[in-house]
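Below is one structure, written out as structure tokens; comments come after it.
Just so it is clear, none of the values below were taken in a lab; they were calculated from the coordinates. Keep in mind the model is a prediction, meaning the values are calculated, not measured. Because the Cβ atoms are built from the backbone with ideal geometry, glycine has one as well, and the counts that use them run over all protein chains shown.
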Amino acid sequence: MVLSFPGSTKLKEFLTEKILFGNEPSPELIAILLVYFVQGILGLARLAVSFFLKDDLGLTPAQVSALMGIAALPWMVKPLFGFISDGLPLFGYRRRPYLILSGLLGAGAWMALATVVDTAWAATVAIALSSLSVAFSDVIVDSLVVERARHEAAKDAGSLQSLSWGASALGGLITAYFSGFLLEHFSNQTVFGITATFPLIVSIVAWLISESQVERTQDWQTVRHQVSQLRQAITQKSIWLPTAFLFLWQATPTADSAFFFFTTNELGFQPEFLGRVRLVTSVASLLGVWLFQRFFRTLPFRTLFGWTTCVSTLLGMTALLLVTHTNRAIGIDDYWFSLGDSLILTVMGQIAYMPILVLAARLCPPGVEATLFALLMSVTNLAGLLSYEFGALLTHWLGVTETNFDRLWLLVLITNLSTLLPLPFLGWLPSGQASDVTAPELSSLTLPASPATTLETELSAVAAEKELITELQQ
């Protein structure tokens, strides 16, 4: 028996059109959004990790940058997680069990940080395991998003990506201020213990995923078939050229670790204020998602990347005013300057990053959605790792330490100018906009006959099951 309440239809229409960007509310959509939401909530421990490495373990800026690069390694092998998810189901399911396991792994990693970790190497392992937890769950939920995005109309291209990343930004927004507030009153280990509860949400909502059970628990033939599909897909010029550009765009060195030491050791920013900065950047991320969805979604990729790169580089140079204390000379307080700078740069960065997600989703051919999307994303993550390692080398070469910031201005200058290096390769991107990148570009692929249990067959069954469930609910 289905109960109907006055105004429920209007409420559903409001949620669908205004809140969910045209996506019908469903238990699976709730599960998808909650997984992304948890990814944002895990930012609660971001400041605690930074202070733990800096103060409790006594690491230098270069060491912290190198360690964070190593801890990001799980994001480099996301295609492996895609292969495992697509071809090696657990207990007859490809998605749900892996989400449950990833949540349990994340909870265990954060509890280890809260209790037994007291060396740099142990911290690296624990942080890497927590990263593995998020990376694996990200592959699973990304595959669900890609499957749904395939059925989007051209006018709705990118709506689910925008909604998903909006959920992540909302999670970050809720915990942003508290990441610093808690550190003012509790130890780093206490914050880690609180954070350990959030990955369990992923394990719980995994049961909301609508998934058909497959007959075989292991199917290496499917994996071999997917490797063949993946090999043929990545040899397409329309895929590897944009991927190469995204790699160059993300691989430029960063000064983030050195800048954190400067703001805490030189400027004396306390955890509570740094939490406020994170709050501002979380709001800015949401604003960036909304601006992309409202104004920039229809712009050609080349135009959008070109302008956002140039503007972000120009605005990034304003950090020179802070590291040289010039802002004080012109009457701008360090705190207000940092807040304004973080706000503007985050908005620009989010607008520039959204097309990456849309482009990657539109490039994925049927049969290897999780694997190819994970591969495209892992390329940008590998570039991010190189960005941290290049930044660590520059920080070391320039002699920037936890107390010596004399040449930090040069580090900021070099890292900002390096972001302009990919601009000569803008021609590698598609000339059109997101809705122009569709299956016809990949339809010329000659793929081998699919075995009966390929993901493509499974998706048809899952889609039919979803339609049946929807009809029963109505």
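Relative to a virtual label point 7 Å from the Cα of residue 76 in the Cα→beta-carbon direction, which members of region 239-281 show backbone nitrogen distances below 13 Å?
Counting only backbone N, you get no residues.
Once label points are set 7 Å from the Cα along Cα→Cβ at both residue 256 and residue 326, what is their separation, rounded to one decimal in nm?
So the label points at residue 256 and residue 326 sit 2.5 nm apart.
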